[in-house]
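Working notes for the structure below.
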Amino acid sequence: MAEYAILIYTPASADPAEITPEDRARLERGARAEADTGAMLAAFELQAASTATSIRGDALTDGPFIEAKEVIAGFCVIEAPDLDAALEIARGNPALALGAGIEVRPVFGGFVAGRSTG
Amino acid sequence: MADRTAVESAIADAHRREWALVLAATVRVTRDVDLAEECVQEAYTAALASWEKDGIPDNPAAWLSTVARRRAMDIIRREQTLRAKLPLLVTDAEEMPMGEDEVIPDETPDDIPDERLRLIFTCCHPALSQDAQLALTLRLVCGVPTPDVARAFLVSEPTMAARITRAKKKISAARIPYRVPRAAELPDRLRAVLAVIHLLFTVGHTAPSGAPLMRVELMDWAIHLARMLPALMPDEPEVRGLLALLLVTDARRATRVDAEGRLLRLEDQDRSRWDRAAIAEAGDLIAGDLRTGRSGRYGLQAAIAAAHAEAPAYDDTDWPRIVTLYDALQAMWPSPVVALNRAVAVAMASGPAAGLAALAAVEADGRLTGYHYLHAVKADLLGRLDRTREAAAAYEQALSLADNETERAFLAARLAEL
C-alpha cells in the first residue's frame, strides 16, 4: 500500500462559507462515502484563499503563495495499492462534481498526530 | 563455431524482434525496469561470444531471456538488502510471485508467460505525458537506444535521457501498476496504446525528405508494434484495424514523392510500385470486422485506404463505396477532418459542385480555418469548376498556412497551373 495526497483546487475567489446548503449536503454525503471505504487517512477543507498569509524568506504577504486563478481549497491523504486505485478514489471526490480540479500526488513521507481538528 | 557475420545478424534480428519479450520476461524477475534493461543488454552482449562458440540457438528469445534472468537473479541475491529499500514495480501479487520473500520463479524458457502487454500498457499509461509514452515505448518495448530515440524526436540526447528517466521515476514513485488493465478500463487504455503507435507512424510518415533516417524508421517501429498486438489481443477489432491502416498506408511509401522529393497526388502515383502483398494483408485483416460491423475508427480508415489501394487505376476507384465508409466513420467520429475528407470523396463520386456543398458545412464549423488542407481542397474543387480567381485565392491561403516544404512546393505548383 502507498499513500497519496489528493489536492483539491477551486477558483481563487471560492469561499467554503458561501457553499449552498444543498451543495454542502452533497459534499458531506460524498465525504462520508469516501470515509466509509476505509482508504481515507485524513481530510481537510480550508478557509477561503483570501484568508491566507504567505511567508517567503523574511517577507510576509497577504494572500496565497502563488497568485493563480485556481488555488488549493482542501486536501486529503488516502491509502491505495497503486496509482490506478488512487485515481479511482480521487474521481469519486464530491468536490469534482461541483467543478473543482484535483491533483493526485504520491506521498514521500509524513505523519499525522492522533487528534482531530475543527 | 558459427560464422561471426551470421551471429551478428542473428543478434541484430533478435534485438529488433525479441527485445520486448526478453525485457518483459526479465522485468518479471526484477520488478525494476532499470535493472532488467541492464541485464537484457548484458545478455545481448554475451550472445556474441556464446553463439559464435556454440552456434545460434533455435530460440534466440528463450536463450536471451534465460541469460538475462539468471544474471538478474544473481544480482538480486547479492543485493537483497540493498534492494529491500527500492520501490519495486506494483503488480498483481498472485500473478507475479516476487513478493517480500523474493521467491525466484523457476521457469523453463518455454513457460515464461508473454508479458509484453504489461510492458506496453505501462509505457502508455495515461498518467504519463504523451511525449513520455512515445519515448518509453520506443526505448523499452522496441529497445531503441536513447540517442536514436532523441534523433527521431529531434531533441538532444540529454533531453531525451532526462525525459525517459523522469518517466521511469514516475512509474515507480507514483506506483503506476505494471499490469494489463481490467476489462472496464481496457477500451480507454487500449485507445492510448493505439494512439501512441499511430502517432509514431505519423511522425515518420510526415517527415520531410532529408529528415534524419531514424525519423523515417519510426514507421517501421510503429508497424513492428502494431504487428505485435493482434496475437496478444485477438478480440480487439481496433488492434487489427490499426495494423491494416499502417500496412496499407505504408504500401504506398515508395510512390508518395517523386525523384526530386516532390509530393505526388494519389492520381499521379505509380500504382505498379505499390506493395500488393501488404495491401492484400490489410484487406484480410479488416474484412471480417467490416462484415460483422465491428470496425472502429482505425478499421474504417483502413477500409477507406484499402478501397483506394485496391483500385487498379485512379479512375477505377469505387468512390460511392468510399463515401459510404466515410459516412460510417463520421457517425462514429464526428471530426471536421473526417468531414473534410468525406467532402473530397463526395466530389469524386458526385462532382465538384456536390463536393463544395459538403465542404461548406466543414467551413461553417470553423475549427479547420487554420488547416491548410481545407483551403487546398477548396482550391482544387473551385479550379475544376473553372472558378479560377477564387481557386487562386484559396491556394494562396493554403500556402500561407502550410509549413512542410514539400507540401508548399506542391501547392505553389498547383497555383501556377491555374
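The values are calculated or read from the model by the stated rules, or taken from the named source; none is laboratory data. Bear in mind that the values here come from a model prediction, so they are computed numbers and not experimental data. Cβ sites come from the backbone with ideal geometry, for glycine too, and all protein chains shown count toward neighbours. The area values use the complete protein model at the heavy-atom level, side chains included, leaving out ligands, DNA and RNA. Shrake-Rupley method; radii C 1.70, N 1.55, O 1.52, S 1.80 Å.
Share of the protein assembly as shown's accessible area from carbon and sulfur, percent, 1.4 Å?
Details: 14610 of 27310 Å².
Reported share for carbon and sulfur atoms: 54 percent.
With a cap of 13 neighbouring Cβ atoms within 10 Å, and only residues DSSP puts in a loop, list the trypsin sites (Lys or Arg not before Pro) found in the stretch A:30-80. Intermediate results must be reported in sequence, preceding the final value.
Details: sites: A:R32, A:R56, A:K69; in loops: A:K69.
The qualifying sites are A:K69.
Report the FRET efficiency, 1/(1 + (r/R0)^6), for A:S54 and B:T202, where r is their Cβ-Cβ distance and R0 is 41 Å, rounded to 0.05. Approximately 0.35, to the nearest 0.05. In plain terms, the C-alpha convex hull of the stretch B:364-418 casts an average shadow of 3.6 nm² when viewed from every direction.
Averaged over the residues of B:171-179, the number of partner chain Cβ atoms lying within 10 Å of the residue Cβ comes to 4. Using a 10 angstrom cutoff on alpha carbons, build the Gaussian network for chain B and name the most mobile of B:L128, B:L86, B:L242. Checking each option, the largest mean-square fluctuation is seen for B:L86. If I fit a long axis through the Cα atoms of helix B:4-30 and take the longest principal axis of the Cα atoms of chain B, what angle between them do I get, 0 to 90°, rounded to 10? With rounding to tens, the tilt is 80 degrees. Applied to the stretch B:359-367, the Karplus parametrisation 6.51 cos²θ - 1.76 cosθ + 1.60 on θ = phi - 60° returns per-residue 3J(HN,Hα) values of 5, 4, 5, 5, 5, 5, 4, x, 5 Hz, with x for Gly and Pro. Rg/Rh for the stretch A:51-118 stands at 1.02; both radii use Cα atoms, and Rh follows the Kirkwood definition.
With each run of n ≥ 4 DSSP H residues scored as -39500 (n - 2.57), what mean residue ellipticity at 222 nm is computed for chain B after dividing by its residue count and rounding to the nearest 500 deg cm²/dmol? Spell out each step's value before the answer.
Working: 19 runs with 279 residues, N = 418.
About -22000 deg cm²/dmol.
With distances taken between every two different alpha-carbon atoms, chain B has a Kirkwood hydrodynamic radius of 23.9 Å.
Residues of the stretch A:92-108 with accessible area at least 20 Å² lower in the all-protein-chain context than alone (1.4 Å probe)? Listed in order, they are A:P106.
Angle of helix B:388-401 to the longest C-alpha principal axis of chain B, folded into 0 to 90 degrees and rounded to 10: 20°.
Geometric descriptor of the protein assembly as shown, per residue, is 229 Å³ (volume of the convex hull of the Cα atoms). Ordered from highest to lowest accessible area with the whole protein assembly present and a 1.4 Å probe, B:F410, A:F111 read as A:F111, B:F410. The length gained on full extension between B:A360 and B:A413, counted as 0.36 nm times the residue separation minus their Cα-Cα distance, comes to 16.6 nm.
Full extension of the chain segment joining B:L385 with B:R4 gains 130.7 nm, where the gain is 0.36 nm per residue of separation less the Cα-Cα distance. When the accessible areas of A alone and B alone are added and the area of the pair subtracted, with a 1.4 Å probe, the result is around 800 Å², both sides summed. Rounded to the nearest 10 degrees, the angle from helix A:21-36 to the longest Cα principal axis of chain A is 50 degrees. Rank B:E260, B:E238, B:E281 by mean-square fluctuation in a GNM of chain B with C-alpha springs under 10 angstrom and give only the top-ranked residue. Comparing B:E260, B:E238, B:E281 in the GNM, the peak value goes to B:E260. Distance between the modelled labels on B:D403 and B:R166, one decimal in nanometres: 2.1 nm (7 Å Cα→Cβ projection).
Per-residue Karplus couplings for the stretch B:169-184, computed as 6.51 cos²θ - 1.76 cosθ + 1.60 with θ equal to phi - 60°, are listed in order as 5, 5, 4, 7, 5, 8, 6, 5, x, 8, 7, 7, x, 5, 3, 5 Hz, Gly and Pro entered as x. Working note: Cα atoms of chain A, range along each principal axis, descending, whole Å: 41, 36, 28.
Using a Förster distance of 22 angstrom, determine the FRET efficiency expected from the C-beta separation of B:R276 and B:V216, and round it to 0.05.
0.50
With only the Cα atoms considered, the stretch B:308-418 has a convex hull volume of 115 Å³ per residue. Entry comment: accessible area of the protein assembly as shown is 51 Å² per residue, from protein heavy atoms only and a probe of 1.4 Å.
Remark on the stretch A:46-84: accessible area falls by at least 40 square angstrom from chain-alone to full-complex state for A:D82, A:L83, A:D84, probe 1.4 angstrom.
Ordered by 1.4 Å accessible area with all protein chains kept, B:M233, A:M1, B:M348 run largest first as A:M1, B:M348, B:M233.
In this rough spin-label picture, where each label sits 7 Å from Cα along the Cβ direction, the B:R367-B:R253 distance is 3.1 nm.
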